[in-house]
Amino acid sequence: DIQSSALCMDKSLTYLVARNAGIATPNFWTVTADEKIPTDQLAYPVFVKPARSGSSFGVSKVAREEDLQGAVETARQYDSKVLIEEAVIGTEIGCAVMGNGPELITGEVDQITLSHGFFKIHQESTPESGSDNSAVTVPADISTTSRSLVQDTAKAVYRALGCRGLSRVDLFLTEDGKVVLNGVNTFPGMTSYSRYPRMMTAAGLSRADVIDRLVSLALAGKSR
């Protein structure tokens, strides 16, 4: 869906719509070319990123105010609109969602474990071999209660943003069991090492099954 994809591409708009639907998001600020950075409002560490980009390009983790301006300039190489968000302390998780109507299918929840730094994707020379600082586990090592909460939250995000067909909803699971939105990818990868098909496979749907269902959903959408 073009409208929802455009909405989800802008993380600040994604967060605003999600918050309006009662879904938790990080505290965040946006900075355009003519705006002053709200340094007096920030609690470090923060992530500075292009508001409308992906795959962690232009993203910096900032722990000190003196490093903030440089991180903003890095993000501005990719987008004139910059997002500054407070770091969420928790486990990075994701959920694959598929469907057009009220009945949505979710895959197994996955989990990202970091050895250092922050999660980056598609920046390796050989991504099929995995990341140099992270490992993705499917299914996630979380409780059944947390798993259900993550899947329900992912579906709520999907509906609130008007997604259709498929999306991967990225979230944080905090130590106290709270689920916080991280972002939404409305056109996730379908390679053998991509997260979306791996989550669906773990839930019993092969990559071929997923593609067949997506074609059917697309055809059904055209006939509306």
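A few remarks follow.
- Taking amide H as placed 1.01 Å from N in the peptide plane, Thr25 has its amide H under 5 Å from the amide H of Leu181, each at least 5 places away in sequence or on another chain.
- Charged side chains reduced to their Cβ positions (Lys and Arg at +1, Asp and Glu at -1) give the chain a dipole of some 780 debye around its Cα centre.
- When the charge dipole of the chain is built from unit charges on Cβ atoms (+1 for Lys and Arg, -1 for Asp and Glu) and taken about the Cα centre, the candidate among Ala51, Val184, Pro26 whose Cα reaches farthest toward its positive end is Val184.
- Once the Cα-Cα distance is subtracted from the 0.36 nm per residue extended length, the Glu86 to Gln3 segment shows a gain of 27.2 nm.
- Pairs of Cα atoms farther than 30 Å apart, the chain, %: 22
- Virtual spin-label span in nm between Val215 and Thr144, 7 Å along Cα→Cβ: 3.7
- Hz values of 3J(HN,Hα) by residue in segment 43-54 - Karplus curve (6.51, -1.76, 1.60), Gly and Pro given as x: 10, 7, x, 10, 9, 10, 8, x, 5, 10, 8, x
- Take the Cα of Lys61, step 7 Å toward its Cβ, do the same at Leu13, and the gap between the two points is 3.0 nm.
- Whole-Hz ³J(HN,Hα) from phi, Karplus 6.51 cos²θ - 1.76 cosθ + 1.60, for segment 83-96, glycine and proline x: 10, 10, 10, 5, 5, 9, 8, x, 8, 7, 9, x, 9, 7
- Lys pairs, the chain - Cα-Cα below 23 angstrom, 8 or more residues apart or on other chains: 19
- Residues Thr145, Thr74, Thr113, Thr106, sorted so that the one with the fewest Cβ neighbours within 10 Å comes first: Thr145, Thr113, Thr74, Thr106
- Residue-by-residue Karplus 3J(HN,Hα) for segment 137-152, coefficients 6.51, -1.76, 1.60, Hz, glycine and proline x: 10, 10, x, 5, 8, 9, 6, 4, 5, 5, 4, 5, 5, 4, 5, 5
- Amide hydrogen proximity for Ala51: with H placed 1.01 Å from N in the peptide plane, the residues at 5 or more positions away or on another chain lying under 5 Å are Lys81, Val82, Leu83.
Computed from the coordinates by the stated procedures, all read-outs in this text should not be read as laboratory data. All figures in this text were calculated on a predicted structure; none of them were measured in a lab. Here Cβ is always computed from backbone atoms with ideal geometry, including for glycine, and neighbour counts include all displayed protein chains.
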